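Working notes, structure below.
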Amino acid sequence: MSFIDAVFQYGFLQKALLTSTMVGILCGVIGCFIILRGMALMGDAISHAVLPGVAISYALGINFFLGAVLTGVLTAIGIGFVSQNSRIKNDISIGIMFTAAFALGIVLITFMKSSTDLYHILFGNVLAVRPSDMWITLGIGMFILSTIYLFYKELLISSFDSTMSAAYGLPIKWIHYFLMTLLTMVTVASLQTVGIVLVVAMLITPAATAYLLTERLWIMLYLAAGFGVISSVIGLYFSFTYNLPSGATIVLVSTFLFIVTFAFSPKHGLLWRTLKSKRKKKALVH
Amino acid sequence: MRGDIFMLSAITVRNLNVSYHGNDAIQNVSFSVSPGKLVGIIGPNGAGKSTLLKALLELIPRDTGEIQMNGKGISEIRKHVAYVPQRSNIDWDFPITVIDTVLLGTYPNLGIFQRPKKKEKALAYDCLQKVGMGDYANRQIGELSGGQQQRVFMARALAQQADIFFLDEPFVGIDVSSEKAIVNILKELRDGGKTVLVVHHDLNKANDYFDELILLNKELIGVGEVEKVFRSEILAKAYNTQFPFLKEMEVQM
């Protein structure tokens, strides 16, 4: 049976497709701000730091969304606290804090549940998306997209020139932590599609691909969302057809898109750059 | 006498103390600047020049001190103060065009959910023309030379339509014609009654560019009109070294 027939026939596949499309959009959009603010490592950290929160939520029987946001934001605050109050640099602080949170999460989950759950949380299992998960993802998605639409101006200026933003009175610290909150929400939304370990790829790779193609932030946002969606859908196709973990196939598709762009992007691509500098050299010789 | 007592000063600083992790950066600095002056903040490396600008804007906390601008606290007047940061603090690969960079200058005067409209875009374009960069509107900012980038940031400050302008080392690493263009704009602003503070690390031309100087080396060494401050014996106090070339200049002056 072809993938398309299967989508029409199976409800679980429809849910998977809808969820992973939303995740593709969200990761792409948030990812743009993450890479432009030089916080790619932070994205990796926060995505891992939701693990203990998910574990605690399981134990308490509450929605894992709450616990995840809590430990994600706490880790972000911890990272900032250590680097601002000592000679420890930000990347070192990130390395310490997120591995600690992740290790704690592994211990907690192993105590409470079987290791299959851990495997799904780490690597994703998009074909087991429940209706409630799908609605949560859609809800988070709507919330995040409308926030970014409403605060686009503030996000743009504080990402580009935080000093000027602070000088005219923008609360840049709050914007940072707010973005960290959005980041944890995206991570939670992505848990089932790509899993904790590979969320960072979905945050960074489509955004980086878009970054190579445009000089305008709003175009970059749309492109990154587009690349996210393409990766999710094609990745899901491979996952379904060849019975592979969805997280891995989605990430590989997005990496493929990046490599193609890296080689052939009209302005920043490797090929074009080489041709241009060769032509220049030739022109100088003659 | 112009009756200075009755004139509101543009910037008043009393007993400002700033420290980083217990190390003094600025010690007990007091001064005031009248409106319509072009003021240079000079002093050796590590004298706290940039720190002073940032402390004035409350971008960094101060230990003690009182700061007023146009008779108000900084929180009331922030949006009317344009700040041009050091060029090295900017990511020049950011996906933003020249005209959109200038447009950022209109943001402080827009409400929270408000977008820049035709009026703001026209203003941004005018400001870009004023610095002679109108032809570059759609370039990505990283494609410009250092001097052109600084002019674009000058245009952004103009687009804010501020009363007070703070510039942090605007002339570092830029070409002569851009430097001239920026100085001319600063002088025009001054002539229009605006107050302009410029951190300037190069003593060269300091006496040409500015009406008044604030000479700093953690403490305030001198403040006032250029002729009073730009003297070898006063500069020597800030730089802990002699300036024989200045002696010659003083003879000429």
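The values are calculated or read from the model by the stated rules, or taken from the named source; none is laboratory data. Predicted, not measured: the structure shown is a model, and the values here were computed from it. Using ideal geometry, Cβ is built from the backbone for each residue, glycine included, and neighbour counts are taken over all protein chains shown. To get the accessible areas, we keep the full protein, side chains included, count just its heavy atoms, and leave off ligands, DNA and RNA. Shrake-Rupley method; radii C 1.70, N 1.55, O 1.52, S 1.80 Å.
Remarks
- Among the residues of region A:231-263, those identified as surrounded by 12 or more Cβ atoms within 10 Å (Cβ to Cβ), modelled with pLDDT of 90 or more and among the aromatic types (Phe, Trp, Tyr) are A:Tyr237, A:Phe238, A:Phe256, A:Phe258, A:Phe262.
- Test: residue in region B:51-66 that is at the interface with chain A (Cβ under 10 Å from one of its Cβ atoms), over 16 Å from B:Val18 (Cα atoms) and under 12 Å from the mean Cα position of the chain (by Cα): no
- Candidates in region A:138-171 are the residues that are farther than 23 Å from A:Ile35 by Cα and of a type outside the set (Phe, Trp, Tyr); of these, the one that is least open to solvent (accessible area, probe 1.4 Å) is A:Ala167.
- Test result for B:Ile77, within 11 Å of another protein chain (Cβ to nearest Cβ) and buried (at least 19 other Cβ atoms within 10 Å of the Cβ): no
- Checking each residue of region B:114-122 against the condition of being within 27 Å of B:Leu52 (Cα to Cα) and modelled with pLDDT of 95 or more gives no match.
- Exclusive hit being closer than 30 Å to B:Ser50 by Cα and hydrophobic (A, V, I, L, M, F, W, C), set A:Leu203, A:Leu198, A:Leu179: A:Leu179
- Residues (buried (at least 16 other Cβ atoms within 10 Å of the Cβ), under 17 Å from A:Gly43 (Cα atoms) and of a type in the set (A, V, I, L, M)) located in region A:73-95: A:Val73, A:Leu74, A:Ala76, A:Ile79, A:Ile94
- Every pair of residues 6+ apart whose Cβ atoms lie under 6 Å, when the first sits in region A:201-228 and is away from chain B (no Cβ under 14 Å) and in contact (Cβ under 8 Å) with a residue 12 or more places away in the chain while the second is part of a loop (DSSP other than H, G, I, E, B) and buried (at least 24 other Cβ atoms within 10 Å of the Cβ): A:Met202/A:Val194
- Candidate set: region B:92-108, residues that are within 7 Å of chain A (Cβ to nearest Cβ) and more than 21 Å from B:Ala55 (Cβ to Cβ); chosen: the one farthest from the chain's Cα centre (by Cα): B:Pro95
- If only residues of region A:172-187 that are aliphatic (A, V, I, L, M) and open to solvent by 10 Å² or more (accessible area, probe 1.4 Å) are counted, the one that is farthest from the other protein chains (Cβ to nearest Cβ) is A:Met185.
- Unique residue being within 23 Å of B:Leu220 (Cβ to Cβ), in contact with a Pro (Cβ under 9 Å, 6 or more places away or on another chain), open to solvent by less than 40 Å² (accessible area, probe 1.4 Å) and aliphatic (A, V, I, L, M) when the list is B:Val39, B:Val33, B:Val18: B:Val18
- Count of region A:145-161 residues, restricted to those that are of a type outside the set (Gly, Ala, Ser) and either more than 10 Å from chain B (Cβ to nearest Cβ) or in contact with a strand residue (DSSP E or B) (Cβ under 9 Å, 6 or more places away or on another chain) (or both), is 4.
- Residue within region A:21-36 that is assigned to a loop (DSSP other than H, G, I, E, B) and closer than 30 Å to A:Phe102 by Cβ present: no
- The set of residues in region B:202-218 being of a type outside the set (S, T, N, Q), on the phi < 0 side of the Ramachandran plot and surrounded by fewer than 16 Cβ atoms within 10 Å (Cβ to Cβ) consists of B:Asp202, B:Asp208.
- Taken over region B:144-184, the criterion of being within 14 Å of chain A (Cβ to nearest Cβ), more than 17 Å from B:Val199 (Cα to Cα) and either without any contact (Cβ under 8 Å) to a residue 40 or more places away in the chain or not charged (D, E, K, R) (or both) is satisfied by B:Leu144, B:Gln149, B:Val152, B:Ala155, B:Leu158, B:Ala159, B:Gln160, B:Gln161, B:Ala162.
- Odd one out for B:Gly222, checked against (1) outside any helix (DSSP H, G or I); (2) open to solvent by less than 50 Å² (accessible area, probe 1.4 Å); (3) within 14 Å of chain A (Cβ to nearest Cβ): (3)
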